[in-house]
Structures are given as C-alpha cells and as structure tokens.
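So the structure is just underneath, and the comments pick up after that.
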Amino acid sequence: MSIIIDGKAYAAELRGQIKAGVEEIKGKHSITPGLAVILVGNDPASEVYVGNKGKMCREVGMEAFDFRMLADTTESQLIAKIKELGQDKKVNGILVQLPLPKHINESAVINAIDPLKDVDGLHAINAGKLATGQDGIVPCTPLGCLMLIKSVARDLSGKNALIIGRSNLVGKPMAQLLLRESCTVTISHSRTKNLPELCRNANIVVAATGKPEMIKGEWIRSGAIVIDVGINRIHLSDGSTKLVGDVAYAEALQNAKAITPVPGGVGPMTIACLLANTLKAACLQHNIENDLASGFLSISNVEQINN
Ligand code: GUN
C-alpha cells in the first residue's frame with residue numbers, strides 16, 4: 001500500500017506550531033510579526049494566492065499588509081515601494097508575488113528586498129547562504145517539500161533524488177536542500193534527454209515542470225517517494241475542469257511508496273512555510289533566540305519507509 005502524504009494535515013499542524021510561536025513573541029516581546037505581499041497587475045491565479053496568504057497570516061495571529069499595484073507599474077516604482085517597506089518596523093516579511101509583468105526585471109526587484117525580510121528566500125544572499133550551507137531564509141515550496149519527504153523517510157543519506165525543473169523558486173533550492181541531506185542529486189529540465197531512465201533510478205522524485213501529468217507512472221521506481229509540485233487546471237471532455245499535478249497520479253500510485261496528491265499535497269505546505277519564514281524573519285530582526293523559529297520546522301513522522 002502506498003502512503004498518500006497528507007500535506008493539508010501537515011500544514012495545519014505546522015500552522016498550529018507557528019500560532020503558538022507568534023503568541024509567545026507577542027507575550028514576551030510585544031512583537032506581532034507582519035507580512036507585506038505585493039501584487040503587480042491582476043492575474044486571477046495570483047489574486048487567489050495573495051488572498052489566501054493574507055487570510056492564513058491573520059489566522060496565526062500575524063498582521064498582513066496587501067499592496068496592489070497596477071500592471072503598468074514601473075520597475076523603479078516597485079523598488080521604491082520595496083525600499084519603503086524595508087524601513088517599516090511593522091513589516092517583518094516582504095513577498096513580491098511572481099510572475100511579474102514582462103517589463104520588470106525580476107532579479108532586480110528581488111534583490112531590492114532586505115535579505116532579513118526576504119521570506120521567499122530568493123534574494124541572492126539567501127540563495128548563496130543555502131548553497132554554502134549557512135543559515136538563511138529558505139524558499140517556501142522546497143522547504144515544504146523537504147518536510148513532506150522527511151515525514152516518510154528520516155534518513156535521506158545516499159538516496160538518489162531527481163528534481164524535474166530548474167527554477168530559482170523550486171528546482172535549484174530543492175537540489176541544495178537535498179544535497180544538504182546527503183542525497184545524490186540530479187536536476188533535469190526541458191533539454192534533458194533520458195528522463196524516464198533517470199526517473200527509474202530515483203528513490204525520490206520532485207516534479208516541478210508545470211506540465212500536466214507529464215511524469216508517467218511506469219517511470220516511477222518501485223518504492224520511490226514522489227513529490228508533485230505542479231498545480232495545473234485541465235479541461236475535461238464534458239466541459240468541466242480539474243486540478244492535476246505534473247505526475248500521472250493514479251499510475252504513479254501503483255509504484256510509489258509515498259506520493260503527494262494534487263490538490264492537498266505541496267500547495268498547503270508552501271503557505272505554512274511562508275508563515276514560518278515570516279516568524280523566523282521577525283525573530284532574526286529582533287535578535288530573539290531562534291529555537292522558536294527553527295524548532296517548529298519539523299512535522300510529525302507518520303510512517304518511516306526504508307527503501
Ligand atoms: N508565485 C508562485 N509561487 C510563488 C512563491 O512561492 N513566491 C512568490 N513570490 N511568487 C510565487
């Protein structure tokens with residue numbers, strides 16, 4: 001029997017721990033962590049994500065500040081807003097929702113964020129810290145994926161991990177995190193020639209391609225852990241729509257030892273990790289002992305598998 005990794009339940013557990021952490025720093029230090037989210041333009045999917053982030057913040061007792069900017073906002077206007085929020089003591093975390101309109105240089109914008117407030121962990125300083133084994137802020141989605149992997153397998157040392165996708169948001173930081181766990185890491189991408197073969201050799205597969213059900217079940221090694229980062233809306237022949245991942249779930253379930261569903265797998269963990277990073281950022285900015293912020297970054301282990 002395969003384990004279906006319940007990201008929704010784990011994320012709820014994590015949010016409970018974060019809420020307790022927020023209450024503690026409110027009580028002991030009179031600090032209410034605050035997250036500012038900036039959305040440029042009105043992409044409907046981004047609107048939904050941003051709305052959810054605000055709601056979840058409030059649920060754990062944090063403050064949420066939403067900033068909507070027009071689609072024709074210039075790069076310098078956006079950077080000016082980021083700098084202003086960088087000076088604002090009520091704001092401990094700054095997230096600029098991606099993707100940005102094409103006329104704006106994403107790297108310039110991300111690198112304008114104070115690294116201590118970079119709750120996405122995408123600033124060059126945080127990316128560099130992750131790559132060089134220093135403690136920084138780690139991107140939310142890969143962090144959530146790692147927690148889900150560790151919920152079913154404590155020791156990842158020596159495992160073959162295949163990451164499908166090389167984005168700065170998921171693929172590259174995921175590789176660094178799994179390397180830190182002593183996995184043998186392969187990153188594949190759109191130009192990779194022998195993907196089915198690489199998959200068949202992988203004990204851990206993290207799929208982040210944005211291509212619906214691209215990873216076939218027969219490619220999955222027996223006993224593998226499969227983490228599906230994709231969320232794709234597909235149209236069915238009866239006119240309805242459905243959310244699917246990057247992995248052909250029903251097929252992969254036959255071979256995998258553990259697998260995340262879509263929805264209800266990685267998605268809820270991303271927001272929970274964003275909240276965790278915001279609490280961590282607030283602690284860092286106020287020199288508060290960080291065991292709070294780092295201590296809760298683990299979720300209970302259900303079943304450990306040895307493959
Ligand atoms: N767009 C999709 N996922 C993310 C994320 O994790 N962070 C940001 N900033 N934008 C996103």
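The values are calculated or read from the model by the stated rules, or taken from the named source; none is laboratory data. What you see is a predicted model; the values in this text were computed from it and never measured. Cβ coordinates were reconstructed from backbone atoms using ideal geometry, including for glycine residues, and neighbour counts include every protein chain displayed.
Just a few scattered comments:
- Residues in segment 213-268 that are of a type in the set (Ser, Thr, Tyr), in a helix (DSSP H, G or I) and farther than 29 Å from Val50 by Cβ: there are none.
- When segment 132-161 is limited to residues that are within 17 Å of the chain's Cα centre (by Cα) and of a type in the set (Gly, Ala, Ser), the one that is farthest from Leu85 (Cα to Cα) turns out to be Ser151.
- Filter result for Lys26 (surrounded by 14 or more Cβ atoms within 10 Å (Cβ to Cβ), away from the ligand (no atom under 15 Å from the Cβ) and either within 17 Å of Val96 (Cβ to Cβ) or among the charged types (D, E, K, R) (or both)): yes
- Residue pairs meeting the criteria (Cβ under 6 Å; at least 6 apart or on separate chains; first surrounded by 24 or more Cβ atoms within 10 Å (Cβ to Cβ), in segment 266-284; second charged (D, E, K, R)): Ala272/Arg15; Ala281/Lys117
- Pairs with Cβ under 6 Å, 6+ apart, first in segment 150-179 and assigned to a strand (DSSP E or B), second within 16 Å of the ligand (Cβ to nearest atom): Ile163/Gly171; Ile163/Met174; Ile163/Val206; Ile164/Ala207; Ile164/Thr209
- Inter-residue pairs, beta-carbon under 6 Å, first more than 16 Å from Arg58 (Cα to Cα) and in segment 88-102, second among the hydroxyl-bearing types (Ser, Thr, Tyr) and within 15 Å of the ligand (Cβ to nearest atom), 6+ apart: Gln97/Ser46
- Answer from Ile82, Ile104 - the residue that is within 15 Å of the ligand (Cβ to nearest atom), crowded, with 17+ Cβ neighbours inside 10 Å and part of a loop (DSSP other than H, G, I, E, B): Ile104
- Test result for Ala71, at pLDDT 95 or above, exposed (fewer than 15 other Cβ atoms within 10 Å of the Cβ) and touching a Pro at 6+ places or on another chain (Cβ under 8 Å): yes
- The test for being in a helix (DSSP H, G or I) and crowded, with 17+ Cβ neighbours inside 10 Å does not hold for Leu95.
- Checking segment 261-277 against the condition returns a match, with at least one residue being at pLDDT 95 or above, farther than 16 Å from Gly7 by Cα and out of contact with any Lys or Arg (no Cβ under 9 Å at 6 or more places or on another chain).
- Residue check for Asn111: within 15 Å of the ligand (Cβ to nearest atom) and in contact with a His (Cβ under 8 Å, 6 or more places away or on another chain): yes
- Each residue in segment 1-60 was checked for being closer than 30 Å to Ala252 by Cβ and in contact with a strand residue (DSSP E or B) (Cβ under 8 Å, 6 or more places away or on another chain), and 6 of them qualify.
- Selected residue (criterion: nearest to Pro173 (Cα to Cα)) from residues of segment 115-136 that are within 12 Å of the ligand (Cβ to nearest atom) and of a type in the set (A, V, I, L, M, F, W, C): Leu122
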